[in-house]
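Contents: one structure, followed by commentary.
Derivation of every value follows stated rules applied to the coordinates shown; laboratory data play no part. The structure displayed is predicted, hence computed values, not measured ones. Positions of Cβ are backbone-derived with ideal geometry, glycine not excepted, and every protein chain shown enters the neighbour counts.
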Amino acid sequence: MIGRFAPSTTGEAHPGTLLAALLAWLDARARGGRVLLRLEDLDRERVRPQLATHMQDALAWLGLDWDGVVVQSECAPAHADALDALAAQGRLYPCTCSRADRAGRRRAPDGGWAYDNTCRDRALPPGGWRAVTAHHVRARLPDDRVELVDDGGLDLSQTPARDMGDPIVRRRDGVVSYQLAVVVDDGAQAITDVVRGRDIAPSTATQVALQRLLGVATPRYRHHFLLLEAARGDKLAKLHGSIPLPALRARHSADELCGLLAHAAGLVDAPAPCTPRSLVARFAWANVPARDRVARFDAERGLTIE
Ligand code: GLU
Ligand code: ZN
């Protein structure tokens, strides 16, 4: 069994990152498996090199260790090979649509807009996908339905080509998309078990469709609850940068924070200080609630998760 935690190094670690890391790590450790840290740094515009170091420091501070660290940008040759393989199947096409072309059409399961595959009949230029500079490159998926229930019982079945639309595999800025890179890397790193936040669940069917095109095995999936934050008005959003790690670390020891996260995840009865290691023996998904939780922080009360 090989698991992985795959944070994007586009922002600082926060309680939601640490919770996701803890759950992926525990899932592997409790089953005697290995677990990799993959730093997803393909988004040249948003990635800053110090964020990769910051992420590793934050995870080590919490008490998590890894059987290997993979830097995603170093896997670029494998990503190019995958694009070549899709091109050889005649699956790639340039998408000349603008964002405005998509707005107001059909909602996708992830809350964004579905792409209606308008450009499917466009051909790649003579130089192939490498010669596409001003447009996204998409992959034409089979129109089949993907039947998929994750290990937590979440039904992720979709017809991704219709429900989400053909995915972008290479952005107009030349960056290989998350959807393609995650499939190639999970395959290359022989990942058997993917544990990640429920916000990504709607992408899973698209990823499975790409795995099938590329001849990559489908891992087991499990999508866990999210930490939310109060956003505008009464709305809640996925926790982002509103609880910065330095403030958290100034207020809580690593063991205290681990206890708070473990308690929120149903792993312990009280939010008492503990280490990730101490949670391994009694870790069970049956205890982890499905419901998203709201995280708040102030210097006086510290982190609270309700
Ligand atoms: N880098 C992605 C994220 O942080 C990883 C998603 C995944 O685990 O597949 O959202
Ligand atoms: Zn298009």
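The peptide list 210-216, 241-247, 10-16, put in order of mean Cβ contacts within 10 Å with the highest first, becomes 10-16, 210-216, 241-247.
3J(HN,Hα) couplings calculated from phi for the stretch 207-218 with the Karplus curve 6.51 cos²θ - 1.76 cosθ + 1.60 (θ = phi - 60°) are, in sequence order, 5, 5, 4, 5, 4, 5, 5, 9, x, 9, 5, 8 Hz; Gly and Pro show x.
Relative to the longest principal axis of the Cα atoms of the chain, the long axis of helix 254-264 lies at roughly 70 degrees.
Restricting to DSSP H runs of at least four residues, report the calculated mean residue ellipticity at 222 nm for the chain, -39500 (n - 2.57) per run over all residues, nearest 500 deg cm²/dmol.
Values: 10 runs with 95 residues, N = 306.
Helix-only estimate at 222 nm: -9000 deg cm²/dmol.
Using the alpha carbons alone, the radius of gyration of the chain stands to its Kirkwood radius in an Rg to Rh ratio of 0.98. Would you mind telling me the antiparallel percentage of the DSSP bridges in the chain, rounded to 5? Counting only bridges with both partners in the chain, antiparallel ones make up about 50 percent. For SER157, the residues whose modelled amide H falls within less than 5 Å of its own, excluding neighbours fewer than 5 places apart on the same chain, are LEU148. In the chain, the longest principal axis of the Cα atoms and the axis of helix 15-30 are about 90 degrees apart. Across all directions, the shadow cast by the convex hull of the stretch 76-182 built on its C-alpha atoms averages 7.4 square nanometres.
Peptides 133-144, 163-174, 266-277 ranked from most to least packed give 163-174, 133-144, 266-277, packing being the mean of other C-beta atoms within 10 angstrom over each peptide's residues.
Once R0 is set to 30 Å, what does the formula 1/(1 + (r/R0)^6) return for the Cβ-Cβ distance between ARG296 and ARG106, expressed as a FRET efficiency to the nearest 0.05?
Working: r = 36 Å, r/R0 = 1.19.
Between ARG296 and ARG106 the formula returns 0.25.
Among the trypsin sites (Lys or Arg not before Pro) in the stretch 1-55, those placed in a DSSP loop whose Cβ has at most 15 other Cβ atoms within 10 Å are ARG31, ARG44, ARG46. For the stretch 143-148, backbone phi angles converted through the Karplus equation (6.51, -1.76, 1.60; θ = phi - 60°) give residue-by-residue couplings of 7, 6, 7, 9, 8, 7 Hz, Gly and Pro being listed as x.
For every other residue with a beta carbon closer than 11 angstrom to the beta carbon of HIS79, add +1 if it is Lys or Arg and -1 if Asp or Glu, then tell me the sum. Surrounding charge for HIS79 is -3. Taking ALA262, ALA209, ALA76 in turn, the Gaussian network model of the chain (Cα-Cα springs below 10 Å) assigns the largest fluctuation to ALA76.
Report for the stretch 14-151 the percent antiparallel among DSSP-assigned beta bridges with both residues inside it, nearest 5. Mind dumping the intermediate values first?
On the way: 5 of 8 bridges.
Approximately 60 percent, going by the DSSP bridge assignments.
What is the angle, in °, between the Cα long axis of helix 49-62 and the longest principal axis of the Cα atoms in the chain? Nearest 10 is fine, range 0 to 90. Rounded to the nearest ten degrees, it is 40. For the stretch 197-306, the share of DSSP beta bridges that are antiparallel, to the nearest 5, is 70%.
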